[in-house]
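Data first, discussion second: the structure below is written as structure tokens.
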Amino acid sequence: MTFNGILQILLFSGIIILLTKPMGLYMAKVFQGEKTLLYPILRPLEVASYKLCGVDEAEEMHWVTYAVAMLLFSLTGLLITYVLLRFQGHLPLNPQHFGAKQMTPDLAFNTSVSFTTNTNWQSYTPESTVSYFSNMVSLAIHNWMSAATGMAVAIALVRGLVRKSAKSIGSFWVDTARATIYVLLPICFVYSLVLIWQGVPQNFAPYVQAHTLEGATQSIPQGAVASQESIKMLGTNGGGIFNANSAHPYENPTPLTNFLEMISIFLIPAGLTYTFGRMVGNTRQGWAIFGAMGILFLVGAFVCCHAEQAGNPMVAKLGVMTAAASGQPGGNMEGKETRFGITDSALFATITTDASCGAVNAMHDSFTPIGGLVPLANILSGEVIFGGVGAGLYGMLMFAVIAVFIAGLMVGRTPEYLGKKIEQYEVKMAMLATLILAASILGFTAIATNMHIHPKGYWNAPGDSWNNVNNNGAHGFSEIFYAFASATGNNGSAFAGLNANTPFYNLTIGMAALIGRFLMIIPLLAVAGSMAKKIPVPATSGTFPTDSGTFVLLLVGTVVIVGALTFFPALALGPIVEHFQMMQGKLF
Amino acid sequence: MLKQIKASILVTLLFTLSMGLLFPCVITLLGKALFPFQANGSLITKDGVVIGSKLIAQSFTSAKYFQPRASDAGSGYDPTSSGGTNLGPTSQKLIDGAHPLLPNGKPDTANAFSGIADLATAYRAENGLAADAPLPADAATYSASGLDPDISPMNAHLQAARVAKARGVPVSDVERLVNSHTRGRTFGVLGEPVVNVLELNLALDKMYPAKCLE
């Protein structure tokens with residue numbers, strides 16, 4: 001690793017630490033209905049939206065009602081997007097005349113599911129498939145809605161932990177409105193303008209026909225890029241306006257935009273740990289969660305940067321420099337942009353897969369085996385290393401429940417978390433969520449590596465499902481494994497060589513995304529409901545303190561062990577064996 | 001239940017109108033007013049004709065121009081199909097390329113693919129470098145977007161002699177131009193030093209126009 005590489009990782013971490021408290025405090029006030037600086041300006045918008053939608057601000061919900069509202073909201077958005085995508089040919093802002101021919105039924109299903117679930121997996125090349133309208137309206141609304149949903153669920157779970165013998169855990173509509181109006185909107189407003197200043201386009205002009213200096217023609221797509229880019233990053237959505245995503249110079253033109261995009265991925269998830277601490281009345285509880293996340297992040301960042309800077313020995317043998325020197329970045333520059341070099345690419349890859357963002361500024365498929373193992377392992381951890389907005393916090397709290405349960409088993413005592421007894425029901429629900437995720441990832445991967453399909457047929461034109469990979473050998477397996485990990489973890493990044501735009505992959509990946517989102521949220525809301533009913537027990541000398549360093553290490557251990565034990569065999573077949581093959585100079 | 005259904009439909013519609021339509025329109029108006037050049041795609045015009053975008057790489061093959069990084073976007077530098085090779089580190093195709101033959105024994109150029117070995121050989125040949133000359137990491141690899149507008153400063157300096165010869169100007173003049181177009185790290189920390197290829201080539205044409213017509 002270079003000195004600059006270490007400096008950039010530390011700079012990024014330092015800024016996130018500095019922003020966590022103010023951001024978390026602000027969100028705690030917002031979700032508890034307290035006044036903030038922006039309250040006088042934005043409160044009228046909040047009141048007006050309740051009126052327009054017939055929502056009673058004061059009405060609280062039982063956890064079942066909360067879950068039903070969340071599901072209905074997601075379903076409505078999914079259906080609207082499916083219809084709008086299929087009819088894009090009849091809608092405005094479509095200078096390239098894309099229609100239903102590009103947006104086939106299976107692709108529209110996959111895309112609407114993927115955006116609704118905050119996954120933003122893209123089986124298609126946006127600039128040759130979707131209109132400006134589809135990007136800006138049909139897809140980008142989910143960047144707002146799914147982010148707000150994630151935050152709402154996280155806050156509901158925290159309420160469940162805090163409340164005493166209560167029946168309700170808040171109102172889904174109020175939480176969603178507040179997340180959008182007070183948190184997402186003001187940040188995205190400023191952020192979009194900064195992006196435009198740095199070079200991100202924002203217009204509705206048809207594709208520009210440029211006549212290049214050497215006399216060729218080049219068709220350059222435009223669009224409302226900045227307004228979508230901002231929420232794409234802040235809402236940890238990650239769905240690119242262009243195929244190259246944040247590697248595209250129009251989405252991420254400068255090292256400054258790149259840094260802001262990285263910060264904006266972690267901003268809300270990191271802040272929410274403080275929000276949590278504040279809402280439970282002990283900010284050390286929040287910092288403990290933050291600490292566990294931070295340790296896992298730093299390990300990934302350093303391993304990934306190191307592997308990418310070390311590069312590929314087979315490329316080095318061809319006389320291409322892998323050591324960084326003044327005037328060139330060295331390392332594995334295949335599938336990376338010059339302005340980002342090695343550090344910004346590897347750091348971005350770690351951040352985007354820690355949080356369930358899934359935007360990419362370099363092609364993960366072309367990373368070295370260990371460099372690519374880090375993003376994959378991050379996703380397999382359950383997207384809890386800061387994680388998606390809201391999703392990271394509720395995922396990590398699920399692990400906290402398991403961690404205190406394990407600690408309880410060790411000393412033979414009923415486990416407690418935040419003064420409430422963790423009993424059979426909560427542990428069952430937390431384990432259910434964990435097992436469902438693993439079953440989806442490994443089950444679908446097993447199917448897709450073994451499915452005989454008739455070639456040139458409807459389901460998968462290339463024939464057998466493993467024919468869709470872009471790389472032979474272990475790397476091909478990694479492409480399929482990554483796809484289902486990414487979909488189930490609602491990440492959306494890819495080893496993008498996999499040709500996933502066939503009915504077989506569109507349907508299976510769509511199903512994995514639905515399972516990963518809703519079969520995780522529902523058990524967690526059940527935990528919230530059950531915890532809210534409980535009466536706190538006073539802490540005694542036998543209580544395991546969950547704001548201590550020991551707890552942080554136990555939590556890290558739980559995440560690593562659950563992930564490692566479940567997925568090690570699959571990782572061994574993919575990136576781990578590929579690493580040894582690369583070191584031996586084997587090509588496939 | 002009915003109440004929640006009604007709310008979910010209304011809230012979704014409100015999101016569609018406010019965040020789907022109103023928000024991007026407001027940002028467009030403000031963006032175009034404050035930063036018109038950037039909001040319109042950083043397009044560069046010459047004699048009233050758009051010749052490209054400052055941010056988007058275009059193909060340069062002639063010896064008198066600096067050349068951008070290899071591109072796998074469409075058939076090369078195609079902004080309607082941005083992206084990288086997505087070939088992994090143990091891919092034979094990535095390292096050695098693919099050079100299929102047609103049934104008549106001639107090379108099938110339409111399906112040919114230059115691997116890193118091919119790119120390195122071609123780069124050394126074009127720039128008159130020794131067969132074992134070390135190359136900067138960006139000179140023989142494909143970019144992520146296929147539209148990477150920049151090359152590393154070392155890559156530019158290695159091309160300077162070729163460009164100077166093709167234009168019949170002293171190498172030191174071209175070197176000086178490369179230096180003045182090199183952008184360092186942002187705030188001295190972020191990103192990597194780069195040279196924007198299109199801007200550098202435009203500056204070349206501007207400073208040495210007569211030679212350019214040859």
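The values are calculated or read from the model by the stated rules, or taken from the named source; none is laboratory data. For clarity, every value in this text was computed on a predicted model and none was experimentally measured. Cβ coordinates were reconstructed from backbone atoms using ideal geometry, including for glycine residues, and neighbour counts include every protein chain displayed.
Residues checked against (1) within 7 Å of chain B (Cβ to nearest Cβ); (2) under 18 Å from A:A349 (Cβ atoms); (3) within 16 Å of the chain's Cα centre (by Cα); (4) touching a residue at least 24 places away in the same chain (Cβ under 8 Å):
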residue	(1), (2), (3), (4)
A:L195	no, no, no, yes
A:N252	no, yes, no, yes
A:L256	yes, no, no, yes
A:E261	no, yes, yes, yes
Conditions: (1) touching a residue at least 40 places away in the same chain (Cβ under 8 Å); (2) within 21 Å of A:S74 (Cα to Cα); (3) not in a loop (DSSP other than H, G, I, E, B). A:T180 meets all but one. Number of the miss? (1)
Filter pass, A:G89 being at pLDDT 95 or above and either more than 30 Å from A:I509 (Cβ to Cβ) or within 28 Å of the chain's Cα centre (by Cα) (or both): no
Of the residues in segment A:444-471, how many are buried (at least 16 other Cβ atoms within 10 Å of the Cβ) and part of a helix (DSSP H, G or I)? 6
Just to be sure before I move on: is B:P89 in contact with a Pro (Cβ under 8 Å, 6 or more places away or on another chain) and either in the same structural domain as B:S143 (by TED's automatic domain parsing) or basic (K, R) (or both) in the structure I sent? no
For B:S71, are the conditions met, namely being more than 8 Å from chain A (Cβ to nearest Cβ), out of contact with any helix residue (DSSP H, G or I) (no Cβ under 9 Å at 6 or more places or on another chain) and among the polar types (S, T, N, Q)? yes
A:V130 vs. criteria touching a residue at least 40 places away in the same chain (Cβ under 8 Å), more than 13 Å from every other protein chain (Cβ to nearest Cβ) and surrounded by 24 or more Cβ atoms within 10 Å (Cβ to Cβ): no
Can we say A:S219 is outside any loop (DSSP other than H, G, I, E, B), of a type outside the set (V, I, T) and surrounded by 24 or more Cβ atoms within 10 Å (Cβ to Cβ)? no
Please pick out the residue among A:V299, A:V225, A:V208 that is surrounded by fewer than 24 Cβ atoms within 10 Å (Cβ to Cβ), closer than 30 Å to A:A152 by Cα and among the aliphatic types (A, V, I, L, M). A:V299
Somewhere in segment A:156-165, is a residue in a helix (DSSP H, G or I) and closer than 20 Å to A:L260 by Cα? no
Restricting to segment A:297-316, and then to whatever is touching a residue at least 24 places away in the same chain (Cβ under 8 Å) and out of contact with any helix residue (DSSP H, G or I) (no Cβ under 6 Å at 6 or more places or on another chain), can you tell me which residue is nearest to the other protein chains (Cβ to nearest Cβ)? A:N312
Among the residues of segment B:74-96, which ones are more than 8 Å from chain A (Cβ to nearest Cβ) and not small (G, A, S)? B:K93
Can you pull out the residues in segment A:333-343 that are more than 7 Å from every other protein chain (Cβ to nearest Cβ) and within 19 Å of A:G497 (Cβ to Cβ)? none
Quick one: in segment A:354-376, of everything that is more than 7 Å from chain B (Cβ to nearest Cβ) and among the small types (G, A, S), which residue is nearest to B:L87 (Cα to Cα)? A:G372
Only one of (1) over 22 Å from the mean Cα position of the chain (by Cα); (2) part of a loop (DSSP other than H, G, I, E, B); (3) farther than 18 Å from B:T80 by Cβ fails for A:H97. Which number is that? (3)
Does A:G271 satisfy the criteria of being at pLDDT 95 or above, within 14 Å of chain B (Cβ to nearest Cβ) and in contact with a helix residue (DSSP H, G or I) (Cβ under 9 Å, 6 or more places away or on another chain)? no
Got at least one residue in segment B:56-74 being farther than 27 Å from A:N332 by Cα, outside the structural domain of B:V195 (by TED's automatic domain parsing) and in a loop (DSSP other than H, G, I, E, B)? no
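Residue by residue, here is whether (1) under 27 Å from B:G146 (Cβ atoms); (2) out of contact with any Ser or Thr (no Cβ under 9 Å at 6 or more places or on another chain); (3) more than 10 Å from chain A (Cβ to nearest Cβ); (4) of a type outside the set (K, R) holds:
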position	(1), (2), (3), (4)
B:V174	yes, yes, yes, yes
B:N179	no, yes, yes, yes
B:T182	yes, yes, no, yes
B:T186	yes, no, no, yes
B:N196	yes, yes, no, yes
B:A203	yes, no, yes, yes
Does segment B:37-47 include one or more residues that are outside any strand (DSSP E or B) and under 17 Å from the mean Cα position of the chain (by Cα)? yes
List the number of the failed condition for A:A346; all other conditions in (1) at pLDDT 95 or above; (2) over 26 Å from A:L442 (Cβ atoms); (3) within 8 Å of another protein chain (Cβ to nearest Cβ) hold. (3)
Given the condition over 16 Å from the mean Cα position of the chain (by Cα) and among the aromatic types (F, W, Y), answer yes or no: does some residue in segment B:116-128 qualify? yes
Given the conditions (1) more than 14 Å from every other protein chain (Cβ to nearest Cβ); (2) crowded, with 24+ Cβ neighbours inside 10 Å, every one holds for A:Y482 apart from (1)
Provide a single number: the residues in segment B:97-150 that are among the basic types (K, R) and away from every other protein chain (no Cβ under 13 Å). 1
Among the listed residues A:N506, A:N491, A:N460, A:N472, identify the single one that is over 22 Å from B:A73 (Cα atoms), over 20 Å from the mean Cα position of the chain (by Cα) and not hydroxyl-bearing (S, T, Y). A:N460
Residue list for segment A:313-346, restricted to those being part of a helix (DSSP H, G or I) and within 21 Å of A:F242 (Cα to Cα): A:G341, A:D344, A:S345, A:A346
Restricting segment A:230-273 to residues that are aliphatic (A, V, I, L, M) and surrounded by fewer than 24 Cβ atoms within 10 Å (Cβ to Cβ), the one nearest to B:K54 (Cα to Cα) turns out to be A:L256
Positions within segment B:152-192 being aliphatic (A, V, I, L, M), in contact with a strand residue (DSSP E or B) (Cβ under 8 Å, 6 or more places away or on another chain) and touching a residue at least 24 places away in the same chain (Cβ under 8 Å), in sequence order: B:A156, B:L158, B:V178
With respect to A:Y26, determine if the residue is farther than 30 Å from A:F504 by Cα, surrounded by 15 or more Cβ atoms within 10 Å (Cβ to Cβ), among the aromatic types (F, W, Y) and modelled with pLDDT of 95 or more. yes
